[in-house]
Amino acid sequence: MQAMVVWKDAMLFEGLTDGHVVNLDAKTPIGKSSAATPKELVVLGLGGCTAMDVIALLKKYKQPPQTLTVKVDITPSTAKQPAVFSTAALLFEVTGQVDPQKLLEAVHLSQTKYCGVSAMLSKAFPITYRVLLNGAEIGKGQAQFSDSDPS
């Protein structure tokens, strides 16, 4: 995987990867708040990675949801610079005629086996999750990936 970031103006940058373009900017007063910040893109990557896992697994289980939303709540550290993430909480909100056990299995597999973004970030800070189906909480847990790296 390769990417390139090109400075455009002030604090506006253009990120390029595999033919796709994403703009980045800093918050005012340093930037113009015209695009997501790099940290916001990391947060979106976390939500997007696990959401794609869950949808793919639910399709495999023949349990297509009516809707799926993943809300990501990141707590930044209060320490001095650089400010880093200290915790993340994921909220999976699903509606439709979905088997609760299949949904929980899909989320669990995403957060223990498949989501590469969660696997990377969970080495730096804890990631917890809650799962709501049709407005009712059906489960919760924490991202836990086995460390297959022998070093």
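Here, each number is a calculation from the coordinates, and none is a lab measurement. Note that the coordinates shown come from a computational prediction; the quantities given were computed from them, not determined experimentally. Note that each Cβ is placed from the backbone with ideal geometry, even for glycine, and that neighbours are counted across all protein chains shown.
A few remarks follow.
- Within the listed set VAL84, VAL54, VAL117, the residue fluctuating most in the Gaussian network model of the chain (springs between alpha-carbon atoms under 10 angstrom) is VAL84.
- Under the convention that each Lys and Arg Cβ holds +1 and each Asp and Glu Cβ holds -1, the size of the dipole of region 81-151 around its Cα centre is about 80 debye.
- Computed lengthening from GLN142 to THR75, 0.36 nm per intervening residue step minus Cα-Cα distance: 22.6 nm
- Highest-MSF residue in the chain out of GLY15, GLY96, GLY47 [GNM, Cα springs under 10 Å]: GLY15
- Label point distance in nm, TRP7-GLU40, each placed 7 Å from Cα along Cα→Cβ: 2.2
- All Cα pairs of the chain, percent lying beyond 24 Å: 44
- The H on the amide N of ALA35, modeled in the peptide plane, is under 5 Å from the matching H of ASP25, each at least 5 residues off or on a different chain.
- Within the chain, the longest run free of exposed loop sites, counting trypsin sites (Lys or Arg not before Pro) that sit outside DSSP helix and strand states (H, G, I, E, B) and have at most 13 other Cβ atoms within 10 Å, spans 81-122.
- Magnitude of the charge dipole for the chain, about its Cα centre and with charges confined to Cβ atoms of Lys, Arg (+1) and Asp, Glu (-1), is about 160 debye.
- The modelled label-to-label distance between LYS27 and ALA124, using points 7 Å beyond Cα along the C-beta direction, is 1.7 nm.
- Ascending count of other beta-carbon atoms within 10 Å, so fewest first, for TYR114, TYR61, TYR129: TYR61, TYR114, TYR129
- Within the listed set GLY31, GLY45, GLY139, the residue fluctuating most in the Gaussian network model of the chain (springs between alpha-carbon atoms under 10 angstrom) is GLY31.
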